[in-house]
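Chemist: Quick one: this structure, given as structure tokens, is what I'll be asking you about.
Rule-based calculations on the coordinates, nothing more; no lab input. Predicted model only: the values in this text are computed from it and were never measured. Here the Cβ positions follow ideal geometry from the backbone for every residue, glycine too, while neighbour counts run over all protein chains shown.
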Amino acid sequence: MSRSARPGLRGRGIRMRLTVTYMALFVACGVGLLTLTVLLAAIRVGHTESAGRRGSAAQDRIAALQAQLDQAHAAQFQQLLVAAAVSLLVMLAVSAVLGRTVAGRVLRPLRAITATTRRISADNLHQRLAVTTPQDEVKDLADTIDALLERLDVAFAAQRRFAANASHELRTPLATMRAAIDVATAKPAPIPATTTALADRIRTELDRVDELLTGLLQLARIQHASPPEAVTVPVADLVSASLAARAADIADKGLTVHQRLDADALVHGSGTLLARMVDNVIDNAVTHNRRDGWIDAAASVRGATAVLVVETGGRRLDPDQVGRLAQPFQRLGAERTSAVPGSGLGLSIVAAVATAHHGRLDLTARPEGGLRVTIALPLAAAPIGVPA
């Protein structure tokens, strides 16, 4: 059973328990009332019978009438018992209907709170429940959740601002170090070969740090910025442009590219962010591919969803560890070590862009080896054109 189904089952369980409780109360009250009625009727019949026994034996006519009256009372008592049993069954059915209705009305505010809370994620922590019911236990619960969301929103915002500010501020010392190295190696005097090699190595490391800071800054902006104005973007055009921009790297590695691109795969969103998302996926497919390998890129429409699938061959990956690749700085295996170019933020940015566009990123280890990257985004209605 999936985890997402459990809250619904728990909700139905509470409603069922409340319904049973209301039924038990209805039935208990009905049984008590009917028992009291039957007891009073039995006492009346008994009193009539005892009164008959105290009459004179000589009055045969009166005794006969009294016997008929006792039989009538007994028949009425039996009818009363049958009517009581039928009434109890009817009350049981009515209490079940009324109990379920009342339980549903009682749980309605809780269902609304659950649905709203489930829609809130790290990307819309500014949303609140804002329950307007009178001050009661449900209102207290909603206000408590709103206060928790407020604290989470502040904490997430502070974290994102810190990442953005740190990435921006660290660029200045990096530029200073790069300029100092350039000045030191540009002197007219002969420079030892070891110094030149060391300077080249430092430049390479500075470039990698600069790339890392750029990735951090982009990730923080995507997560912290307000949603951009949406336009309709063809996924097929983004994939084709990204593959064309990396044609030299693809040819250098001897990679074979297969494209199956549906022009109807259109999505609403920021053209810049969506292009960055596709670029990162293609970059990942090229960088972490083996020589003379292959790349399969497919854009298709599945119901109300535009789906981009990029697959690559390679060694077998651990299926339990592949999901970590969408987290910052996560790599797998010897081919995903620091010796491979990249900041370790590519797929994290892909996940952030997909989430910002109400989509999702799925990473799957192919049984034959390699990685399958699947991005699902809401399908747009009609094309408007790729933004410049």
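Chemist: Show me 362-375, 195-208, 252-265 ranked by packing, highest mean number of other Cβ atoms within 10 Å first.
Modeler: In descending order of packing, they fall as 362-375, 252-265, 195-208.
Chemist: How do the peptides 267-274, 289-296, 77-84, 103-110 rank, highest first, by the average count of neighbouring beta carbon atoms within 10 Å per residue?
Modeler: 267-274, 289-296, 103-110, 77-84
Chemist: Mind checking the full-extension length gain between THR364 and THR37? Use 0.36 nm per residue of separation minus the Cα-Cα distance, one decimal, nm.
Modeler: Going from the current span to full extension adds 110.6 nm.
Chemist: Note the direction-averaged projected area, equal to a quarter of the hull surface, for the Cα convex hull of segment 231-378, in nm².
Modeler: Mean orientational projected area (segment 231-378, Cα hull): 8.1 nm².
Chemist: Let me understand segment 235-283 better: what is its radius of gyration from the alpha carbons, and its Dmax, in angstrom?
Modeler: For segment 235-283, the Cα radius of gyration and maximum Cα-Cα distance read 11.5, 34 Å.
Chemist: Just how large is the dipole of segment 231-378 about the Cα centre, in debye to the nearest 20, putting +1 at every Lys and Arg Cβ and -1 at every Asp and Glu Cβ?
Modeler: Charge dipole, segment 231-378, about its Cα centre: 300 debye, nearest 20.
Chemist: Quick one: if you stick a label point 7 Å off each Cα along the C-beta vector at ALA28 and SER87, how many nm between them?
Modeler: 2.0 nm
Chemist: Report the extension gain between ASP136 and LEU148 in nm, rounded to one decimal, defined as 0.36 nm multiplied by the number of residues separating them, less their alpha carbon distance.
Modeler: So the chain would gain 2.5 nm between ASP136 and LEU148.
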